1. What full-extension length gain, to one decimal in nm, is calculated for residue 103 and residue 89 as 0.36 nm per residue of separation minus the Cα-Cα distance?
2. Would you mind ranking 128, 29 by Cβ crowding within 10 Å, fewest neighbours first?
3. Among (1) 20.3, 78; (2) 19.1, 71; (3) 16.0, 57, only one was calculated for this model; which label is it, if the read-out is Rg and Dmax of the Cα atoms in Å?
4. How many nm separate the modelled label positions at residue 96 and residue 53, each set 7 Å beyond the Cα in the direction of the Cβ?
5. State which helices in the chain qualify, where a helix is a whole DSSP H run, it must extend 30 Å or more along its own axis by its Cα atoms, and its mean Kyte-Doolittle hydropathy must be at least -1.0.
6. Place a +1 charge on the Cβ of each Lys and Arg in the chain and a -1 charge on the Cβ of each Asp and Glu, then give the dipole magnitude about the Cα centre in debye, rounded to the nearest 20.
7. Give me the dipole magnitude in Debye, nearest 20, for the stretch 19-76 about the Cα centre, with unit charges on the beta carbon: positive for Lys and Arg, negative for Asp and Glu.
8. Can you show me the helix-derived [θ] at 222 nm for the chain, built from DSSP H runs with n ≥ 4 at -39,500 (n - 2.57) apiece and divided by the number of residues, rounded to the nearest 500.
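We did not get these values from a lab; they are worked out from the coordinates using the rules stated. Every value quoted in this text rests on a predicted model; they were computed, and no experiment measured them. Because the Cβ atoms are built from the backbone with ideal geometry, glycine has one as well, and the counts that use them run over all protein chains shown.
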Amino acid sequence: MDQMSDQNDRRIPVTELDIPLDRDVFLRTLIRELSGVLEDVVGLEEASGFISIVGQNIGNQMDLDYKEALGVSRLTRAQVADVLVDLKARIRGDFYIIEQNDQRIVLGNRACPFAEKVIGRPSMCMMTSNVFGIIASQSLGYAKVSLEETIARGDAGCRVVVHLQPDVTSEAASGHEYFRS
């Protein structure tokens, strides 16, 4: 062996290197890059559509999980609001209820579950829209989710309005509609 090889052998073992990588960081980065490729290749609207399908599937499963755990076939409005906050807390989001009534649930958020990986990737917000919309609509019959502010678009936090009634206010709001299946 030459002298350079001997020096390389005395370095810190790779397993002891300070590399910011674990399963969470890897999966968040994977989703960020996947959404970025989709946005670049098919455009933001189509990328959001693909991510919506994933969000719908996850929303259906979470809806069933919460209903089973609570022993109910449908959630009340108050339970829907609590579930939306709880599920985000379980995945390291920091959602909280700003307001809730029979017409809408308004949520704020200080921390995205995707953390910094969501910045500049608004299509990733379709996960929130679909999960919230599916859970609300399956129990309450209807939901329209409006992502008024998002960390992904550069806002300091998120403001998400889940409209629970098809009315003039929900019709005027931008967002996606969900209906009980």
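1. Residue separation times 0.36 nm, minus the Cα-Cα distance, leaves 2.6 nm.
2. The most exposed by this proxy come first: 29, 128.
3. Answer by label: (1).
4. Reported label-point gap for residue 96 and residue 53 is 3.8 nm.
5. 44-70
6. I would put it at about 500 debye.
7. About 260 debye.
8. Taking each H run of at least 4 residues, the total per residue is -16000 deg cm²/dmol.
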